[in-house]
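Structure, as structure tokens:
Derivation of every value follows stated rules applied to the coordinates shown; laboratory data play no part. The model shown is predicted, which means the values in this text are computed figures rather than measured ones. We place every Cβ from the backbone using ideal geometry, glycine too, and count neighbours over all the protein chains shown.
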Amino acid sequence: MKLIEGLKKIKELQQKASDLRDLVKNNCARSSLETDKYPEQKKKVSGWIQSHSDILKEILRLRIAIQRTNIETSVDIEIGGKTVTKSIAEWIHRRRDLAGEELSMWNVLTDRNIKEGPVTGPSGDVINMTIVRFYDPSERDTHRELYQSEPIIVDSKLEVTNAVTDLLE
């Protein structure tokens, strides 16, 4: 089974589990004035409960297989002209929030709205004020572009990876 098939199977099983819960909820009891909806309804409800439990076990098995696959499978992605190798799990975390955190850091490197030009100093003299930066603006711009594009690059590579990678059972 491919990774993407496992992910889709989990969604399908979750829907089946939800359907079983609805069946149990709607058929677990009746008033004495009603008739059973199913022959041997008590056995039917017990069977649905067991099926639900079995489905949850399968979801767990698939999730663990997906986690194992994500941790043990390395993927090369070209980012900023360099090939970077990380596990699928690492790329997922980069995609989920860490690339955004990197971008946030580079976004705070600003001129802080300091305006260059002539200003009146404390003694009344006109002084030419300039900005003293403790960072390289071109390096900042390069990193901002890199971290803005990283999630899209990772998404497209992992989409292909998920389609071709076998689940590790």
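For the peptides 118-130, 21-33, 57-69, what is the packing order when you average, over each peptide's residues, the other Cβ atoms within 10 Å and list the highest mean first? Mind showing how you got there, number by number?
Values: 118-130: 9.0, 21-33: 10.9, 57-69: 15.3.
So the order, starting with the most tightly packed, is 57-69, 21-33, 118-130.
The H on the amide N of M129, modeled in the peptide plane, is under 5 Å from the matching H of G117, V119, each at least 5 residues off or on a different chain. Across the stretch 49-64, rounded Karplus estimates of 3J(HN,Hα) from the backbone phi angles (6.51 cos²θ - 1.76 cosθ + 1.60, θ = phi - 60°) give 5, 5, 4, 4, 4, 5, 5, 5, 4, 5, 4, 4, 4, 5, 4, 5 Hz, Gly and Pro being marked x.
Taking the charge dipole of the chain about its Cα centre, with +1 at Lys and Arg Cβ atoms and -1 at Asp and Glu Cβ atoms, the residue from L3, I59, I77 reaching farthest to the positive side is I59.
Whole-percent P(r), the stretch 6-82, all Cα pairs, 10 Å bins from 0: 16, 31, 21, 15, 9, 5, 2, 0. Size descriptors for the stretch 74-164: radius of gyration and Dmax over Cα atoms are 20.3, 72 Å.
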